[in-house]
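Engineer: My structure is below; once you've seen it, I'll send some questions.
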Number of protein chains: 2
Amino acid sequence: MAVAVFSVFPVVNKLRELLPTVNFIEVQETDPSPLYTAEIILADYDKVGPHIHKLQNIKWLQATWAGIDFLKRYIDIKNPPKFIVTRISGQNLGQMMAEYVVANVVFQERNYFEVRENQKKSFWNSGPYVYNFRSISELTIGVLGIGSIGTVIGKTLKYLGATVYGYGRRESLSLENEEYQHISQYFNTANLKEILSKVDYVVNVLPSTPETNDILGNGILENCKGRNTVFINVGRGNVIKDAEIIRALKEKWISAAILDVIEKEPLSEDSPLWKLDNVFITPHISGSSRAHDIAQQFKTNYERYQQNQPLIYQVDYERGY
Amino acid sequence: MAVAVFSVFPVVNKLRELLPTVNFIEVQETDPSPLYTAEIILADYDKVGPHIHKLQNIKWLQATWAGIDFLKRYIDIKNPPKFIVTRISGQNLGQMMAEYVVANVVFQERNYFEVRENQKKSFWNSGPYVYNFRSISELTIGVLGIGSIGTVIGKTLKYLGATVYGYGRRESLSLENEEYQHISQYFNTANLKEILSKVDYVVNVLPSTPETNDILGNGILENCKGRNTVFINVGRGNVIKDAEIIRALKEKWISAAILDVIEKEPLSEDSPLWKLDNVFITPHISGSSRAHDIAQQFKTNYERYQQNQPLIYQVDYERGY
């Protein structure tokens, strides 16, 4: 069976290594025709998007990213395509994002960006400003979104001693369940304000769906007031508008923001966000779709596909991710 | 029983909270006399050091730091004082240092100091330079020094998926032992070159002893050549001279250095180390003796002392720490 591959990631050689008997056809911009006849496609959403209505034989599209926002530009969400779409997710992406969160919490708590600036001035700062810090074990951290990525983030923070609060859509969660044992308390839409008022860090991992649009907007961050809460966004920029983040910082509802995703990417050059000292902006790189991870996940799904088993990380249009 | 406390850390109130029946006497610079009659002293080494030979009744000195280098200025190591000295160590210090190591590995692997510089220029860098990074699970990390601090660092890195190599003085280590299960391979003095040649990161946690003096000096880092090894020093600056670090970077034996400790602290203003882009200097703050940690450890030891049990983290002059 031929698999059409249409991606900027150098994934084809990895795929051929992992699945030597499969015929992978590398699709070129100049000739997208292999897409139209393929049963299985592995592709970046932005590459395959414009062709989505011309795919005749497709049964399964394995994407190379986690978020399906881009795909939504090309499909009608109320009348979605009939073929299976699987996205990239899971342990590797979760691990990368967990590392991002941990590293940024440490740098934030210890003022290490300023230590770096001090270094440029040959200044050995040995005052309380640098030694009076909190370790992760002294922090309460709210993780908004408790899917596969949020779980790895939450478990890692818990391992490091943090008190982890979880937020999701479900009404309740069995916290005695092995999967949720890292969560000390669970909150949902009805008590979003409450979790915000109780945590030192808010880590957003929620996907972009109609329900999460602006979920941290409209002044709700005022509930963080007095806690010096830091907002970390590794999920999607739809949860809060840039102007609202600036407002929350100005009003001191939150003390800092670490933003891997923002309202509209790339962030426009004239955005005031760039210049705020208590904002760290990373260009959507907390997790990265690496060729070998993509290939590995494709292999897992390909083998399940061959055996008629359900594929992992299937997109569910009703949930919106 | 009276306990004399002589420290810059605001530890006395915490001690009184934890041990309300004990009489803590706060010693002032202007009147050190309570030291001379106390049986138990809790003190910073540099504070108590000049008085060390006038302590008449002392049976136990609980220090507020981990390293005893400072104490050695005031005692004859071959004829050390007869009283017990306990140092600060253990889980909390280990955790803080583990956080430091993890955060710095992530920032190093992902070029986040440069991402921060890009932010100042309003530059959204979305090229391979920022998304082609390694996660910790893809790294092999050598931990030099496998005591209580090195163990917390090693276990944390292992939890995050790293392959951890250990280095110590002992000839061999039972790696099946619960305590060492995070260590994939063990190396000692006889094969220091070998561990250096096999790791992506070398994390030094060794204490300052005659045997560790210059242990990473004399060109031995040449064994890292070709691996782009990063050197992290959270232990003591005696293991390598500053000039040797500069040489190792220049010769590309190592690709970067993250230095919380250096040969002579504070680092002199005219040191060329300050200005090297691939060096991050922090002013001996990877772990911090915080008042509540010191008080907590004092409490543990005080209760053991009352019950004639061995105290934890006793200084052993023969070992040198």
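No value in this document is a laboratory result; all are computed from the given coordinates. Everything quoted here is computed from the prediction, not taken from an experiment. Methodologically, a virtual Cβ is constructed for each residue, glycine included, from the backbone with ideal geometry; neighbour enumeration extends over all protein chains shown.
Engineer: So for chain A: antiparallel DSSP bridges make up what percent, rounded to the nearest 5?
Structural biologist: Antiparallel: roughly 5 percent of the beta bridges in chain A.
Engineer: With θ taken as phi - 60° and the coefficients 6.51, -1.76 and 1.60, list the Karplus ³J(HN,Hα) couplings across segment A:21-26 in order, rounded to whole Hz; mark glycine and proline as x.
Structural biologist: 8, 8, 8, 8, 10, 7
Engineer: In whole angstrom, note down how far apart the Cα centers of segment A:225-254 and segment B:55-101 are.
Structural biologist: Between the Cα centres of segment A:225-254 and segment B:55-101 lies a distance of 44 Å.
Engineer: Apply the Karplus curve 6.51 cos²θ - 1.76 cosθ + 1.60, θ = phi - 60°, to the phi angles in segment B:51-63 and return the couplings in whole Hz, x for Gly and Pro.
Structural biologist: For segment B:51-63, the Karplus curve yields 9, 4, 8, 9, 7, 7, 10, 5, 10, 8, 10, 8, 8 Hz.
Engineer: Go ahead and set up a Gaussian network model of chain A, Cα springs under 10 Å, then flag whichever of A:Thr229, A:Thr21, A:Thr64 fluctuates most.
Structural biologist: A:Thr21
Engineer: For segment A:166-180 and segment B:120-150, compute the distance between their C-alpha centroids and round to whole Å.
Structural biologist: 31
Engineer: So for each of A:85-92, A:191-198, B:168-175 I average, over its residues, the number of other beta carbons within 10 Å; can you give me the resulting order with the highest mean first?
Structural biologist: A:85-92, A:191-198, B:168-175
Engineer: Then there's this: Can you tell me how segment B:93-281 classifies by the Cα gyration tensor, rounded, prolate or oblate, using a/c under 1.5 as the rounded cut? If you can, show how the numbers build up before the last one.
Structural biologist: On the way: a/c = 1.78, a/b = 1.26, b/c = 1.41.
Oblate, since a/c reaches 1.5 and b/c is not below a/b.
Engineer: Mind checking the full-extension length gain between A:Thr300 and A:Ile312? Use 0.36 nm per residue of separation minus the Cα-Cα distance, one decimal, nm.
Structural biologist: Full-extension gain reported as 3.5 nm.
Engineer: While we're on this one: Report the net charge of residues surrounding A:Ile146, where surrounding means a beta-carbon distance below 11 angstrom and charges are Lys +1, Arg +1, Asp -1, Glu -1. All intermediate terms of the calculation are to be shown ahead of the outcome.
Structural biologist: On the way: positive: A:Lys155, A:Arg169, A:Arg170; negative: A:Glu179.
With Lys, Arg at +1 and Asp, Glu at -1, the net is +2.
Engineer: Determine the distance separating the Cα centre of segment A:263-316 from the Cα centre of segment A:181-207; give it in Å without decimals.
Structural biologist: 23
Engineer: If you don't mind, there's one more thing I want to ask. Mind checking segment B:107-188 for chymotrypsin sites (Phe, Trp or Tyr not before Pro) that DSSP puts in a loop (not H, G, I, E or B) and that have at most 10 other Cβ atoms within 10 Å?
Structural biologist: none
Engineer: Starting from the Cα-Cα distance between B:Ser122 and B:Ile75, subtract it from 0.36 nm times their residue separation and give me the gain in nm to one decimal.
Structural biologist: Numbers: separation 47, 0.36 × 47 = 16.92 nm, distance 5.57 nm.
Extending this stretch completely gives an extra 11.3 nm.
Engineer: If you don't mind, another one. Which whole number gives the average, over all residues in B:276-283, of C-beta atoms from other chains lying within 10 Å of the residue C-beta?
Structural biologist: For peptide B:276-283, the averaged partner shielding equals 4.
Engineer: Report the relative contact order of segment A:129-264, percent, no decimals, based on alpha-carbon pairs under 8 angstrom and at least 6 residues apart.
Structural biologist: Over segment A:129-264, the number comes to 21 percent.
Engineer: Given the rotation that superposes chain B on chain A, what residue of B brings its beta carbon nearest the axis, and what is the distance in Å?
Structural biologist: Of all Cβ atoms in B, the one closest to the rotation axis yields B:Ala103, 2.
Engineer: Around B:His182, which amide H atoms from residues at least 5 apart in sequence, or from another chain, sit under 5 Å from its own amide H, with H modelled in the peptide plane?
Structural biologist: Hits under the 5 Å cutoff: none.
Engineer: Okay, next question. So what is the relative contact order for chain A, in percent, with contacts set as C-alpha pairs under 8 Å and at least six apart?
Structural biologist: Here the relative contact order equals 16 percent.
Engineer: Right, another one. Only four residue types carry charge here, +1 at the Cβ of Lys and Arg and -1 at the Cβ of Asp and Glu. Report the dipole size of segment B:93-281 about the Cα centre in Debye, rounded to the nearest 20.
Structural biologist: For this selection, approximately 420 debye.
Engineer: State, to one decimal in nm, how far the label point of B:Lys82 lies from the label point of A:Lys225, with both points 7 Å from Cα in the Cβ direction.
Structural biologist: It is 6.5 nm.
Engineer: Check which residues have an amide H placed less than 5 Å from B:Ile258's amide H, if you skip close sequence neighbours.
Structural biologist: Answer set, sorted by chain and number: B:Phe231, B:Ile232, B:Asn233, B:Phe280.
Engineer: Something else about it: Taking every DSSP beta bridge that has both residues in the protein assembly as shown, what percent is antiparallel when rounded to the nearest 5?
Structural biologist: Approximately 5 percent, going by the DSSP bridge assignments.
Engineer: If you don't mind, another one. For B:Lys14, what is the net charge nearby, where nearby means another residue's Cβ is under 14 Å from its Cβ and Lys, Arg count +1, Asp, Glu -1?
Structural biologist: Charge balance in the 14 Å sphere: 0.
Engineer: Among B:Ala256, B:Ala248, B:Ala190, which one shows the highest mean-square fluctuation when chain B is modelled as a Gaussian network with alpha-carbon springs under 10 Å?
Structural biologist: The residue with the greatest mean-square fluctuation here is B:Ala190.
Engineer: While we're here: Which distances in nm, rounded to one decimal and ordered from shortest, link the label point of A:Met1 to the equivalent label points in the other identical copies, with labels set 7 Å from Cα toward Cβ?
Structural biologist: Its label point is 7.5 nm from the equivalent points in the other copies.
Engineer: What 222 nm value per residue comes from the helices of chain A, counting each DSSP H run with n ≥ 4 as -39,500 (n - 2.57) and dividing by all residues, nearest 500 deg cm²/dmol?
Structural biologist: It comes out at -8000 deg cm²/dmol, rounded to the nearest 500.
Engineer: Give the residue list of GluC sites (Glu not before Pro) in segment B:220-297 that are DSSP loop and have at most 16 other beta-carbon atoms within 10 angstrom.
Structural biologist: Taking segment B:220-297 and a limit of 16 other Cβ atoms within 10 Å, the loop GluC sites (Glu not before Pro) found are B:Glu251, B:Glu269.
Engineer: Which whole-Hz couplings ³J(HN,Hα) result when phi for each residue of segment B:161-169 is put into the Karplus expression 6.51 cos²θ - 1.76 cosθ + 1.60, θ = phi - 60°, listed in order with x for Gly and Pro?
Structural biologist: Karplus-based 3J(HN,Hα) across segment B:161-169 equals x, 5, 8, 10, 9, x, 9, x, 7 Hz.
Engineer: Report the percentage of all Cα-Cα pairs in the protein assembly as shown whose separation exceeds 30 Å, rounded to a whole percent. Please list the in-between numbers first.
Structural biologist: Values: 124134 of 205761 pairs.
Of all Cα-Cα distances in the protein assembly as shown, 60 percent exceed 30 Å.
Engineer: Among the trypsin sites (Lys or Arg not before Pro) in segment B:216-320, which ones are in a DSSP loop with at most 16 other Cβ atoms within 10 Å of the Cβ? Mind listing them? Intermediate values should be presented prior to the final figure.
Structural biologist: Working: sites: B:Lys225, B:Arg227, B:Arg236, B:Lys241, B:Arg247, B:Lys250, B:Lys252, B:Lys264, B:Lys275, B:Arg290, B:Lys299, B:Arg304, B:Arg319; in loops: B:Lys225, B:Arg227, B:Arg236, B:Lys241, B:Lys252, B:Lys264, B:Arg290, B:Arg319.
Counting only loop positions with at most 16 other Cβ atoms within 10 Å, the trypsin sites (Lys or Arg not before Pro) in segment B:216-320 are B:Lys225, B:Lys252, B:Lys264, B:Arg319.
Engineer: Name the residues whose placed amide hydrogens come within less than 5 Å of the amide hydrogen of B:Leu139, ignoring near sequence neighbours (fewer than 5 apart) on the same chain.
Structural biologist: Those lying under 5 Å, H to H, from B:Leu139 are B:Thr163.
Engineer: Which residue fluctuates most in the GNM of chain A (Cα springs below 10 Å): A:Asn132, A:Asn188, A:Asn278?
Structural biologist: Of the options given, A:Asn132 has the highest mean-square fluctuation.
Engineer: Could you tell me which residue out of A:Asn278, A:Gly235, A:Asn218 lies farthest along the dipole of chain A toward its positive end? Charges go on the beta carbon: Lys and Arg +1, Asp and Glu -1, centred on the Cα centre.
Structural biologist: A:Asn278
Engineer: In nm to one decimal, list the spacings between the B:Ser148 label point and its equivalents in the other copies, with label points set 7 Å along Cα to Cβ, shortest first.
Structural biologist: Counterpart label points of B:Ser148 in the remaining copies fall at 4.1 nm.
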